[in-house]
1. Quickly estimate the mean residue ellipticity at 222 nm for the chain, helices only: each DSSP H run with n ≥ 4 gives -39500 (n - 2.57), and the total goes over all residues, rounded to 500.
2. With only Lys, Arg, Asp and Glu charged, each at its Cβ (+1 for the first two, -1 for the last two), find how big the charge dipole of the chain is about the Cα centre; round to the nearest 20 debye.
3. Angle between the Cα long axis of helix 271-286 and the longest principal axis of the chain, 0 to 90 degrees, nearest 10?
4. Any idea how far apart Asp490 and Asn523 come out in nm if each label point goes 7 Å out from Cα toward Cβ?
5. State whether the stretch 381-536 is rounded, prolate or oblate according to the following rule on the C-alpha gyration tensor (a ≥ b ≥ c being the square roots of its eigenvalues): a/c under 1.5 gives rounded; otherwise a/b larger than b/c gives prolate, and the remaining case gives oblate.
6. Place +1 on the Cβ of every Lys and Arg and -1 on the Cβ of every Asp and Glu in the chain, take the dipole about the Cα centre, and give the residue among Val399, Thr203, Ile431 whose Cα lies farthest towards its positive end.
7. Show me the GluC sites (Glu not before Pro) within the stretch 117-200 that DSSP assigns to loop and that have at most 12 other Cβ atoms within 10 Å of their Cβ.
8. Report the extension gain between Ser187 and Ser323 in nm, rounded to one decimal, defined as 0.36 nm multiplied by the number of residues separating them, less their alpha carbon distance.
Amino acid sequence: MAKSNSKKKSGKSPKSSSKKSSSKKTASKKTTSKKTAVPPSNASTITGPSSWNEIHGRLSIESLPVESLTSPLYASGANSPLSWGIVTSEELNGQVGSPEESLQTVPLCERVAKGKLDSQTREADWNELVQTFAESTKEQVTRETCYQALAWGHASPSLAGLLTPAAWSALLENLVALVGDLIDQGSADDCLVEQLLVELGVTLGVLYPNAAELSTHADELRKRVSFAITDLSDGEGIPRSGIIRDLRPLVASWVRLGLLARETGIRVFEEDAQMQLEWLVRRSSVLSRFGGTPLFCTDMASADGFRTDDSRAERESSQTNISEAAADFFDAALSWEGDQDDARYAASLVHVGPLQPKGKKQKRALANSLALEFDSPTLYSEWASLAVMRSTWESSSPVVGVAFDDRKLLTDISVKRGPLVSGDVTPFVTINGQLAEFSSDISEVCWHSDDECEYLELEVKLGSGWRLQRQYLFSRDDLFLWVADVLLGDEPAQIEYSCPWPISAACQAVPELETRDMAFAINDKIQSSVMAANAAEWRVSRSNCELELSDVGLLHRFETEAKAAYIPLFFDLDKKRAKQERTWRQLTVAEQLDITSPDVAAGFRVQAGDDQWMFYRSLGPRGNRSLLGQNTVAEFLAGRFLRDGLIEELVEVDAGA
């Protein structure tokens, strides 16, 4: 009996520009009462004369207690808040356009912001550092510039005693000018640069509420923060896929402002934005892998970041620092919003936060309680063009992420030990020698989720009248991912197809010597395997399909002459089974006793260890066809073989009318 039956959407229009319904805007995430503002606990928000020179005079009084100069954000106990958004070693090591001498500026300023006026901070040449920073801001304002500016801003109250009045005033004028330039320009090309500059303006406004240069922008900056939060999420904390790679640093920025508001009692967020940010904290757990690092973000094996010849010690050291930053982010975010359910999410899904279970029994009990209360850990939003598929609530569960905005397809496949594949998996297709570029946005054709599997099908128009469909079938029970591209045209043509699958720096792809499949290993331990089901299994056989290592990671290539093609990959995410023998075959599909051609219908049998599955896809007109004794009129069918040889259906998809 079929476990599920889904119908594809027909005549689906492009995604509406309308952000969300009013019902979603008023959705309530939790029933706990809202926190009241905490009065200011120190004197770092000194109010006084409006000129920077006069403010400097107040702050530089030697008798002023050190704790009164501590930034309120750092007084909250936050650990290196400016590192919360770090997600790759490139950012960690400052390799994106940062001069060597600037790399120590942020941690040095953070020490000052914490009130640590020790020999290291007192012996630094602060006047020279201020001058160097000022010179860097005359060029293009980068993300690194913004992080340094935030560090200078938080450190500025304590720096009043270490800088000359002229240097201190020049520093604050420079910081305010960065914010003013953004206001004058209206926006920045980089949404994260814009948010960090807005954060800088709000932070300075909290630290120096009576400074004349800041008061004119205060209301607009706070409105911009709230607008960004509500505009970039779907009403229940699911972010636009277009900003998914910047989601962690964006949420980290908003959490820093939330903590600053909590410590000073100054309101930063509008009510709706506050609610959406609380939702984003919860979704951050679903959108992360084990340890708290975000999906779609990782060092790559053969592009930016670590390369395959870097030592394991270097990779592990960098990953440790990134994991610590992720854990600190969740600690801060959960502390700020104080929702126990969100802490349970983080503890169960990514094993971070204050409620981390100890031992297998506690982990299983927590996962089971969440499953009963919240059903599936799967996340999907057509508006956001984003899907996350998980097998269970346990942090050891494999996780698959799909983002399909901006005419790009992003995919992340991660296991407990780390990411396997992460990045842009948009295929390149040529028809009769001409590149068939995307000529429409990517739209959802079908989404289905049940206890056994998740199924997502997408479609985009190509040039020359062709269409590309992408299928993702994730089996929650059997722990596999079937990814297939479908090319559909009106007339036969010469098709050349290639699709990159970027491999993370932590993962090593190990090709089999005699067959065309591969294993994925992390720290020399097999975690997964992958098979190109329409490739000839044995390397000695000729094949029009190849899965090979390249400078982009894995490259899946296929060519044929036809009016349609089906190009699948099978990822085995069961690490025990991935170590066992595997094989696959393309099946004969018949219709009314005649064998159909591969551009009319395609069928495959895949075996890994003792487990076997069958996959079928119709590429032509609807028809009653058979393969392996199984009759079907469906457009897509997937099933597992039982021990008695019968096939139990996992999912069946019918074409739209």
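The values are calculated or read from the model by the stated rules, or taken from the named source; none is laboratory data. It should be emphasised that the depicted structure is a prediction, and the values quoted were computed from it without experimental measurement. Because the Cβ atoms are built from the backbone with ideal geometry, glycine has one as well, and the counts that use them run over all protein chains shown. Heavy atoms of the whole protein, side chains included, go into the accessibility calculation; ligands, DNA and RNA do not. Shrake-Rupley method; radii C 1.70, N 1.55, O 1.52, S 1.80 Å.
1. Computed mean residue ellipticity for the chain: -9500 deg cm²/dmol.
2. With only Lys, Arg, Asp and Glu charged at Cβ, the dipole is about 1900 debye.
3. 50 degrees
4. My value for the distance between the label points is 5.7 nm.
5. Values: a/c = 2.03, a/b = 1.35, b/c = 1.50.
Judged from the Cα gyration tensor, the stretch 381-536 comes out oblate (a/c at least 1.5, b/c at or above a/b).
6. Of Val399, Thr203, Ile431, it is Val399.
7. Numbers: sites: Glu123, Glu128, Glu135, Glu139, Glu144, Glu173, Glu194, Glu199; in loops: Glu123, Glu139.
Sites meeting the loop and neighbour criteria: Glu123, Glu139.
8. Result: 45.8 nm gained on full extension.
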